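The values are calculated or read from the model by the stated rules, or taken from the named source; none is laboratory data. Quick caveat: nothing in here was measured; it's all calculated off a predicted structure. FYI the Cβ positions are ideal-geometry reconstructions off the backbone, even for glycines, and counts take in every protein chain you see. Heavy atoms of the whole protein, side chains included, go into the accessibility calculation; ligands, DNA and RNA do not. Shrake-Rupley method; radii C 1.70, N 1.55, O 1.52, S 1.80 Å.
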Amino acid sequence: MAAKRSSRPETMAVHAGPAPDPNHGGVSVPIYQTSTFSFRSADEGAARFAGTDPGYIYTRLGNPTIRALEQCVAELEGGHAALGTASGMAAVSTTFLALLRPGDHVVGTDAVYGPSRLLLEKQLSKFGIESSWVPTEDLEAVRRAMRQTTRMLFVETPANPTIKITDLDACGKLAREKGTLLVVDNTFSSPVLQNPIRFGADVVIHSMTKYLNGHSDVVAGMIVAADAGLHAEIGSMLRSLGGTMDPHQAWLVLRGIRTLALRVRQAQESASRLAPWLEVHPAVAWVSYPGLPSHPQHDLMRRQMAGPGSMISFGVRGGLEAARRMIDSVRLATLAVSLGGVETLIEHPASMTHASVPRAEREAAGIRDDLVRLAVGCEAWEDIRDDLDRALAAAVPAR
Ligand SMILES: Cc1ncc(COP(=O)(O)O)c(C=O)c1O
């Protein structure tokens, strides 16, 4: 397979997945935009259902374009195999439903993507699944939260939107010691910057809506399993629930992945310049960016990740009102939730992505009212800086 020629992310992102189309040599994977696949005979149809013929049956059960993307992401993550899903939340919910039973308990990162937490607290609690939310960057807090019934440790690192970092190696060891599964949402890093399976994760989840696709035009998810047993268990649930991908959606994401390493590095380069500039800006109270020596897990980031990424959170002096004035005043950055696209996005988590988390829990998780989340894109960093400078001046008048 082409990707085996290199383990460098730039080369892998371009080549991971199947070799050129065996039928006509198409360099780009063809889009098999079909819901169903014909059988040459009743025997062949029966053999496909029996699993003795590897051919395709029906797109919800498998499709060559989707399979190409699954192979690509599995290789990028160093996993056994992967399953494409209709959205990142379909990846999260399918994984939970496949691996959890009534009476099971989950320990999760307190500042995870709001709907992932809500899914466990509001929906899966109806089926007897319990959850506790702790700052997983504090390993003792994780250990204390674990119970006899803890079946899963669900970690998002860097976390959203605090950009705190959890030690995956330590979590992997703790999960093995306690006999629990380690599931990691790797959306914020992308496989270019972090491969949780290397540190002992059993399952890696992506919202491919973000960096993997990279162009803010597709919603999609992926579940990468570390071994065949987990892949089969989650795959069976996915086919039952039906939250699978569409072939065209898969093709778009695969196309986006070919430039993943370039985009991630360009955005990271800009973020690495913007964060120290923000840190000394008079209208900025604090900055959370793992590339800054002031970040509490700066050393951990250097051990665990290939770079600090392009997500920056910062506090605007003047609190809630000043933060909202600031995001209303940007002109180059787009006021929108999401991240990982080529364009810089800015949002206010306390009133947007994390508004569903009760205030007390939000604040305990470090999601303060003054927090503005910046998803740095691929523009020239000087243009982003000038835009932020103008917006900060409009929001926080000089004293
Ligand atoms: C970290 C993280 N996980 C999961 C999701 C859910 O993904 P989707 O919006 O593709 O369903 C998001 C979306 O913002 C996210 O940021």
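For segment 167-238, the solvent-accessible area of protein heavy atoms averages 29 Å² per residue (probe radius 1.4 Å; ligands and nucleic acids excluded).
Direction-averaged shadow area of the convex hull around the Cα atoms of segment 96-156, nm²?
Values: hull surface 14.7 nm².
If you wrap the Cα atoms of segment 96-156 in a convex hull and average its projections, you get 3.7 nm².
With protein chains left intact and a 1.4 Å probe, residues in segment 261-395 average 40 Å² of accessible area per residue. Each of Leu332, Gln266, Ala398 was placed along the dipole of the chain (beta-carbon charges, centred on the mean Cα), and the one lying farthest toward the positive end is Gln266. Based on Cα atoms of segment 72-178, Rg over Rh with Rh as the Kirkwood radius reads 0.95. Note that segment 338-355 has calculated 3J(HN,Hα) couplings of 5, 6, x, x, 6, 9, 6, 10, 9, 8, 10, x, 4, 9, 10, 4, 10, 5 Hz, one per residue in order, obtained from phi through the Karplus relation 6.51 cos²θ - 1.76 cosθ + 1.60 (θ = phi - 60°); glycine and proline are x. Of Asp43, Asp246, Asp217, Asp185, the order by accessible heavy-atom surface (1.4 Å probe, DNA, RNA and ligands excluded), from most exposed downward, is Asp43, Asp217, Asp246, Asp185.
For Val284, the residues 5 or more places off, or on other chains, whose built amide H falls under 5 Å of its own are Arg317.
At 10 °C and 1.306 mPa s, what whole-number value in µm²/s does Stokes-Einstein give for the translational diffusion of the chain, with Rh from the Kirkwood sum over Cα pairs?
D = 73 µm²/s.
Label 7 Å along Cα→Cβ of Arg101; segment 113-131 residues with amide nitrogen under 15 Å? Correct set: 128-130. With a simple spin-label model that places each label point 7 Å from the Cα along the Cα-to-Cβ direction, the separation between Arg198 and Glu177 comes to 2.4 nm. Measuring r between the beta carbons of His80 and Asp217 and using R0 = 45 Å, the FRET efficiency lands at 0.90. Heavy atoms only, probe 1.4 Å: what % of the accessible area of segment 261-395 goes to carbon and sulfur, would you let me know? Heavy-atom surface of segment 261-395 belonging to carbon and sulfur, 1.4 Å probe: 51 percent.
Could you tell me what % of all Cα pairs in segment 261-395 have separations over 26 Å?
Details: 1580 of 9045 pairs.
Pairs farther apart than 26 Å: 17 percent.
With the cut-off at under 13 Å, measuring from each backbone N in segment 30-46 to a point 7 Å along the Cα-to-Cβ line of Arg258 picks out 30-31.
So if R0 is 41 Å, what FRET efficiency would Glu363 and Ala50 give, r being the distance between their Cβ atoms, rounded to the nearest 0.05? It would help to have the intermediate numbers written out before the result.
Working: r = 56 Å, r/R0 = 1.36.
Using R0 = 41 Å, I get an efficiency of 0.15.
With θ taken as phi - 60° and the Karplus curve 6.51 cos²θ - 1.76 cosθ + 1.60 applied, the whole-hertz 3J(HN,Hα) list for segment 186-198 is 9, 4, 5, 8, 6, x, 5, 9, 7, 10, x, 4, 4 Hz, x standing for glycine and proline.
Counting each DSSP H run of 4 or more residues in the chain as -39500 (n - 2.57), what helix-only mean residue ellipticity at 222 nm follows after dividing by all residues, to the nearest 500 deg cm²/dmol?
Mean residue ellipticity at 222 nm (helix-derived): -11500 deg cm²/dmol.
Going through the cross-link list Lys164/Lys210; Lys122/Lys210; Lys122/Lys173, which pairs have a Cα-Cα distance over 28 Å in this structure? Spell out each step's value before the answer.
Numbers: Lys164/Lys210 19 Å; Lys122/Lys210 25 Å; Lys122/Lys173 30 Å.
The answer is Lys122/Lys173.
When Arg302, Arg324 are compared by accessible area of protein heavy atoms, the largest-first order is Arg302, Arg324, using a 1.4 Å probe. Modelled spin-label separation between Asp43 and Glu382, with each label point placed 7 Å from Cα along the Cα-to-Cβ direction: 7.2 nm.
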